[in-house]
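A.B. asks: Structure in structure tokens, see below.
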Amino acid sequence: MDFKEVICKRRSSRNFSSKPISEEVIRELIEAARLAPSGGNAQNWFFGIIKNNMTKEHLAKAAGNQEWITSAPVVIACCAKLGEDLRDVPSDDFGLLVNQTRFGEDFINYLNNYPDRKTVNTFWNNAAPLIPGEHIFLAAVNRGLSACWVGYLDIKKAGEILSLPEDVVCLFLMPIGYPNESPKDIMRKSKNEILFYEKWNQAFLE
């Protein structure tokens, strides 16, 4: 497929055939993730390839009993490695300055005083696997596969199921397979509904 066709065909699927995904294709999907950009080139992500039926069942329960997840031949666990606690970095740390600029010092101070430091660190790293994960999704569509992001997930339970180390968290699941359904077309907003030109309420110019 060309790139535009991949974008147009990308749909979330929740029902998959039992057809296996070849190791070659799985390697291709992970290579797409590996090449994704990251802030400061941190590359603080890991991806687990889950095929075992029992493990998939446990993960489905941790994801609010979404049993459809088990129909996927492969479930990818999208994980992040937790970095240094923002509370412990020096005052001139660039990451700290960026977050103070983005969210304000009051919010940063509130989080730095929150007692559960792992939860705060997890919050900061929640977006880490999103860009490489979407690379995986689009690479899957290019191979005739489909997938679905699953964010409704007991993160702590998923970590226990996957035997993750203390500094790695599973933030999302991505069941992948050959779709056993034809997802309906979704109405998308027009360009004029999502864009503004220079300043708010100035319409996008065709």
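The values are calculated or read from the model by the stated rules, or taken from the named source; none is laboratory data. In this text the structure is predicted, and so the values were computed from the model without any measurement. Cβ coordinates were reconstructed from backbone atoms using ideal geometry, including for glycine residues, and neighbour counts include every protein chain displayed.
A.B. asks: I'd like the residue in the stretch 21-36 that is in contact (Cβ under 8 Å) with a residue 24 or more places away in the chain and not in a helix (DSSP H, G or I) and, out of all such residues, is nearest to N53 (Cα to Cα).
C.D. replies: I21
A.B. asks: Report the residue count in the stretch 150-190 for those that are modelled with pLDDT under 90 and surrounded by 10 or more Cβ atoms within 10 Å (Cβ to Cβ).
C.D. replies: Of the residues in the stretch 150-190, 2 are modelled with pLDDT under 90 and surrounded by 10 or more Cβ atoms within 10 Å (Cβ to Cβ).
A.B. asks: Between a residue in the stretch 1-14 that is in contact (Cβ under 8 Å) with a residue 12 or more places away in the chain and any residue that is surrounded by 11 or more Cβ atoms within 10 Å (Cβ to Cβ) and among the aliphatic types (A, V, I, L, M), which pairs come within a Cβ distance under 6 Å, given they are 6 or more apart or on different chains?
C.D. replies: Sorted first by the residue in the stretch 1-14, then by its partner, the pairs are V6/L138; V6/V141; K9/V141; R10/V141.
A.B. asks: Within the stretch 12-20, is even one residue surrounded by 12 or more Cβ atoms within 10 Å (Cβ to Cβ), basic (K, R) and in a helix (DSSP H, G or I)?
C.D. replies: No: zero hits.
A.B. asks: Moving to a separate point now. Helices (runs of 4 or more DSSP H) wholly in the stretch 96-206 with at least 2 residues that are aliphatic (A, V, I, L, M) - which ones? Even if it seems obvious, please write down each step before you answer.
C.D. replies: On the way: elements: 105-112, 117-124, 130-142, 155-161, 191-194.
Helices (runs of 4 or more DSSP H) meeting the threshold: 105-112, 130-142, 155-161.
A.B. asks: Right, another one. When the residues of the stretch 159-206 are narrowed to those that are touching a strand residue (DSSP E or B) at 6+ places or on another chain (Cβ under 7 Å) and of a type in the set (V, I, T), which ends up nearest to T70 (Cα to Cα)?
C.D. replies: So the residue we want is I176.
A.B. asks: Continuing with this model, one more query. Is it true that A147 is more than 19 Å from F16 (Cα to Cα), buried (at least 19 other Cβ atoms within 10 Å of the Cβ) and among the small types (G, A, S)?
C.D. replies: Values: more than 19 Å from F16 (Cα to Cα): no; buried (at least 19 other Cβ atoms within 10 Å of the Cβ): yes; among the small types (G, A, S): yes.
In short, no.
A.B. asks: Filter the stretch 57-71 down to the residues that are in contact with a helix residue (DSSP H, G or I) (Cβ under 7 Å, 6 or more places away or on another chain), in a helix (DSSP H, G or I) and in contact (Cβ under 8 Å) with a residue 12 or more places away in the chain and list them by number.
C.D. replies: Within the stretch 57-71, E57, H58, L59, A62, I69, T70 meet the criteria.
A.B. asks: Pairs only if they're at least six apart or on different chains, beta carbon under 7 angstrom, first in the stretch 92-115 and free of Cβ contacts under 8 Å to residues at least 60 places away in the same chain, second outside any helix (DSSP H, G or I) and of a type outside the set (D, E); list them, first residue then second.
C.D. replies: Pairs that qualify, where the first residue is free of Cβ contacts under 8 Å to residues at least 60 places away in the same chain and the partner is outside any helix (DSSP H, G or I) and of a type outside the set (D, E), are G95/V89; L96/V89.
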